[in-house]
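I have placed the structure first, in the form of structure tokens, so that the comments after it can refer back to it.
The values are calculated or read from the model by the stated rules, or taken from the named source; none is laboratory data. Worth saying up front: this structure is predicted, and the values here are computed from it rather than measured. Using ideal geometry, Cβ is built from the backbone for each residue, glycine included, and neighbour counts are taken over all protein chains shown. Just the protein is used for accessible areas: all its heavy atoms, side chains included, with ligands, DNA and RNA removed. Shrake-Rupley method; radii C 1.70, N 1.55, O 1.52, S 1.80 Å.
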Amino acid sequence: MIYQTRAEWLAASQKKVLFFGMSGLGKTYLSAMLRGAGWFHYSVDYRIGTRYMGEYIADNFKREAMKVPFLRELLLSDSVFIASNITFDNLAPLSTYLGKPGSEAKGGLPFEEYMRRQNQHRAAEKSALLDTVHFVSRAREIYGIGNFVCDSGGSICEVVDPEDRADPILRALSDNLLMIWIEGSEAHTEELVRRFDRAPKPMYYQPQFLERKWVEYRVERGLKEEEVNPDDFVRWTYAQALDHRQPRYAAMARNWGVKLRAEDVALVRDVKDLTSLIAAALPG
């Protein structure tokens, strides 16, 4: 770890952290708070949606627009400009592009196309995570900002091997930032599942996990691929994904960083609170 002890962390004039864990437990809340206090805020999902998948997203918008005669004519004459408007607080264009597999009549994608987009996201996430180190230097050299926070996506654990001490992504990140897992309780998990059930959204998963669940779901319900309700499939998959990710997050914290409880994170109100909370998680 970049900070081996509590004393090293507290004495550091330039503090650099990366938050990881399931969406909805406080990563973005803490990152926004630190940004408001003058820290440089690097969002992995924002980087994915702009630098690495922006063209895919915009082309998908254009593909849909070309189906509408009025918009088709305007596009072909360069009379309109179509682009995504991704922000730190609104990543919907990226999520929409990833999509959900199942019946096209119900808004789903053919499974082959769905997996193609998942693979695009995997490559983009790996690159965006490795870009973090560049942005640490960029923040300091261009803007004179030494304090740095990386808000990683919930799927970080899907693109690294937390048990491999030579994992290139984890080595690069842990050499430059303190990796902090925000650990949710069973109650948090239940609430995340309820929240997802109300508004299911596309997510990235490991291909082996997805392919296995796609078969299990259809066998269990006796459905052909084109009969699958996309929302029902992602709801069914989500709770199992949480169980799949939990031990991977735990291994990342055990081998590469520290962990904070989501209950404690919810009580943080300023940088001083957070600094003290992180200090308590480090060895004395």
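A few notes on this one:
- Which numbered condition Arg6 fails, given (1) open to solvent by 70 Å² or more (accessible area, probe 1.4 Å); (2) touching a Gly at 6+ places or on another chain (Cβ under 6 Å); (3) closer than 28 Å to Arg195 by Cα: (3)
- Remark: Tyr114 matches the filter, which requires a residue to be without any contact (Cβ under 8 Å) to a residue 40 or more places away in the chain, open to solvent by less than 40 Å² (accessible area, probe 1.4 Å) and farther than 19 Å from Cys150 by Cβ.
- Counting only helices (runs of 4 or more DSSP H) wholly contained in segment 35-80, the ones carrying 1 or more residues that are touching a residue at least 60 places away in the same chain (Cβ under 8 Å) and β-branched (Val, Ile, Thr) occupy 44-47.
- Any hit, segment 122-143, residues being in a loop (DSSP other than H, G, I, E, B) and either in contact with a Phe, Trp or Tyr (Cβ under 6 Å, 6 or more places away or on another chain) or surrounded by 15 or more Cβ atoms within 10 Å (Cβ to Cβ) (or both): no
- Test: Thr96 is open to solvent by 10 Å² or more (accessible area, probe 1.4 Å), under 19 Å from Ala58 (Cβ atoms) and assigned to a helix (DSSP H, G or I): yes
- Subset of segment 11-34 that is part of a loop (DSSP other than H, G, I, E, B) and of a type in the set (A, V, I, L, M) - its residue that is surrounded by the most Cβ atoms within 10 Å (Cβ to Cβ): Leu25
- Checklist (1) buried (at least 16 other Cβ atoms within 10 Å of the Cβ); (2) touching a strand residue (DSSP E or B) at 6+ places or on another chain (Cβ under 9 Å) applied to Ser185, failing item: (1)
- Residue check for Val160: in contact (Cβ under 8 Å) with a residue 24 or more places away in the chain, closer than 30 Å to Arg218 by Cα and outside any helix (DSSP H, G or I): yes
- Residue match in segment 70-86 (condition: closer than 22 Å to Met33 by Cα, surrounded by 16 or more Cβ atoms within 10 Å (Cβ to Cβ) and touching an Asp or Glu at 6+ places or on another chain (Cβ under 8 Å)): no
- Meets criteria (under 18 Å from the mean Cα position of the chain (by Cα) and within 26 Å of Arg261 (Cβ to Cβ)) for Leu34: no
- Residue list for segment 180-196, filter: over 19 Å from the mean Cα position of the chain (by Cα) and over 18 Å from Ala250 (Cα atoms): Glu190, Arg194
- Flag for Gly107 being at pLDDT below 95 and in contact with a Ser or Thr (Cβ under 6 Å, 6 or more places away or on another chain): no
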